[in-house]
Amino acid sequence: MRETSFWSSPDTVGKAPNPYDLVPYESYPFPRSHIRHLRTIARLFALTPAALDGCRVLELGGASGGNLIPMAIDHPGSSFLGIDLSARQIEMGRQQITDLGLKNIELRTVSIMDVDSSFGEFDYIIAHGVLSWVPPAVQEKTLAICRERLAPRGIAVVSYNTLPGWSVWHSLRQMILHHCRHIGDPLQSAHQARRLLDSLRRAGREETTPYWQMLRDEIDRMLELSDWFLLHDHLEEDNTAFYLHQFIERVRGAGLQYLGEADLTAMNLAALPAGTAGMVAPGDVTADDKGEDLIRRLQFLDLHQNRRFRMSLLCQETETPDHGLSADRLWDFHWSTGLRPQAQIEDFAGAARPLSFLDPLGNSRLRTTDPLSTAVFDTLCRQSLARRPEEVVAETMRRFAINDGPGLRAALAGPALDLVMSNAIHLHGGPETWVATLSERPMASRLARYQARHSGWLTNQRHEPVGVDPAAREVIRLVDGRHSRTALIESVKALAERGRLNLQQEGRPVTDRAAMARLIPALVDQVLGFMARNALLVA
């Protein structure tokens, strides 16, 4: 949720129609803004942020709490405060908090401009989707809050649109704003914007220049957006993009320090072309200038990759982050990966053959050519939940009857840092809080069961939004730890017979009881498997 142009005081609420009241911003969880991820990144860069239990968290512009409420459930011993200028969205969030019986979270209808010393200090401050969408005075206040209200060891995350990647979007935005300048109704503006974009796409379909190819790609992306996202992320009055160096100047001017990125790929200097290193002259970098060298290289990375968005972590000037990463530092975390081996291996003889490991899109991210590397990475890929690297080594030794712990550690460590910085390996500060296997009486998280009654998407235990269809939602509501598979099937049958569950086969509704009886066991198994794969089950 963004702060709108009538941001000066809560007294202004109601004097003009808030566009976020008229068209609410869909309030999703953002995995990289979760405090456990912020703490993990801070630890990676050698800081000692506050423990997750007993901490205080502030979210600016948090809409109805879709990002903050799951954190409050995850950490009942901590305190959470979310503020937003949309009274409608705050009320929606408060209703969820009441329904869930949460006592450690509060949502307030408050302007960012009115956050003062009475709010106290916070260990974590989240300003996701705020800075680029507010006037300059609110931008300054947002960074001032991050300095003044952040505890000495606190971590803030601030997201913003970046140049040069935002340039094409900006051009399209200006064209749409001009086209819709006389339309007062937000939804009508969105509809007219879609008509304009579609007209532009059709007008340029025969064009073959690189510019038009880039323009068509951006138009296609915009046409896929929902109305609320198109309105609030692209057509609001304020929408500012920054070069990274400009953002860093603002950060330093506010008395803060750049720590790193929530998305480590935005710091992956290994992705720079080989010749880029010479663009920063060695003589220009002094012992006190390492931070400047990092920012220069990251700016080149943005130019090289045409980056359009960043989620930057900030800390107080008194902190001393260490950006000189090594594989040794990774050993303090749990690891998970979405990589999968291109072929299955069952024994150490099979591990002697070279093997590629693919990401979910089918791209090869790692190729092993020695048996120790193949064995240890194959073992890592078989882990459903995050494990410590030492546990992966131990499991590899057991699985393949290998008595070479040091060799396996070296094989795992070799490419690990590159894989972490390219998001092929994900770091976790501790064990994950979900189960990947089905128990006799499986249980969905309390939040997932609640959301299944109200929404077409659920928040999983990895703090990700997961879309579900209406039939699956009815099943998930029953997965409460008290029903066996057999009991779930009988309960779903009863729902279908009462007309509360719309079963379909080949696009046609199923009303025959015998057909229902055949379909429902498969439906229940399908939903339970989906939940196990998507971090929706808890112990």
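Counting DSSP beta bridges with both partners in the chain, what percentage is antiparallel, nearest 5? The answer is about 60 percent antiparallel. Extension gain, Ala270 to Trp212: 0.36 nm times the residue separation minus the Cα-Cα distance gives 17.8 nm. Placing a pseudo-label 7 Å from each Cα along the Cα-to-Cβ vector at Asp359 and Trp331 gives an inter-label distance of 2.8 nm.
Residues of the chain were split at every exposed loop site, defined as trypsin sites (Lys or Arg not before Pro) in a DSSP loop with at most 16 other C-beta atoms within 10 angstrom, and the longest piece left, sites excluded, is 206-381. Using the Cβ of Asp370 as centre and a radius below 15 Å, the other residues enclosed give a net charge of +1, where K and R count +1 and D and E count -1.
Modelled spin labels at Arg398 and Leu177, positioned 7 Å past Cα toward Cβ, are 6.0 nm from each other. For Met311, neighbours were defined as the other residues whose beta-carbon sits under 9 Å from its Cβ, and their charges (Lys and Arg +1, Asp and Glu -1) total 0.
Structural size metrics of the stretch 28-118, computed from C-alpha coordinates, are Rg and Dmax of 13.4, 41 Å. Counting charges near Ala151 (Lys, Arg +1; Asp, Glu -1) among other residues having Cβ under 10 Å from its Cβ returns a value of +1. Would you please name the GluC sites (Glu not before Pro) within the stretch 292-386 that are DSSP coil residues with at most 15 other C-beta atoms within 10 Å of their C-beta? Within the stretch 292-386, the qualifying GluC sites (Glu not before Pro) (loop, at most 15 other Cβ atoms within 10 Å) are Glu317, Glu346. Heavy-atom accessible surface of Ile155, to the nearest 10 Å², is about 0 Å², with a 1.4 Å probe and all protein chains retained.
From largest to smallest, the equivalent ellipsoid semi-axes obtained for the stretch 371-495 from the alpha-carbon gyration tensor read 38, 18, 10 Å.
Projecting the Cα atoms of His428, Ala410, Ser445 onto the dipole axis of the stretch 379-491, where Lys and Arg carry +1 and Asp and Glu carry -1 at the beta carbon, places Ser445 farthest toward the positive end.
A viscosity of 0.890 mPa s and a temperature of 25 °C, combined with the Kirkwood radius over Cα pairs in Stokes-Einstein, give a translational diffusion coefficient for the stretch 67-132 of 192 µm²/s. Kirkwood analysis of the chain, using all unique Cα-Cα pairs, places the hydrodynamic radius at 25.8 Å. For the stretch 100-234, a/c is not less than 1.5, where a ≥ b ≥ c are the root eigenvalues of the C-alpha gyration tensor, and a/b tops b/c. That puts it in the prolate class. Ordering Leu68, Leu150, Leu385 by the projection of their Cα atoms onto the charge dipole of the chain, which places +1 on the Cβ of Lys and Arg and -1 on the Cβ of Asp and Glu, puts Leu385 at the extreme positive end.
Here the Debye sum runs over all C-alpha atoms of the stretch 382-454 as equal scatterers in vacuum, and log10 of I(q)/I(0) at q = 0.28 Å⁻¹ comes out as -1.30.
The values are calculated or read from the model by the stated rules, or taken from the named source; none is laboratory data. Computed from a prediction, not measured in an experiment: that's the story for all the values here. With ideal geometry, Cβ positions are generated from the backbone for all residues, glycine too; neighbour counts draw on all protein chains shown. The accessibility values were calculated without ligands, DNA or RNA, using every heavy atom of the protein model including side chains. Shrake-Rupley method; radii C 1.70, N 1.55, O 1.52, S 1.80 Å.
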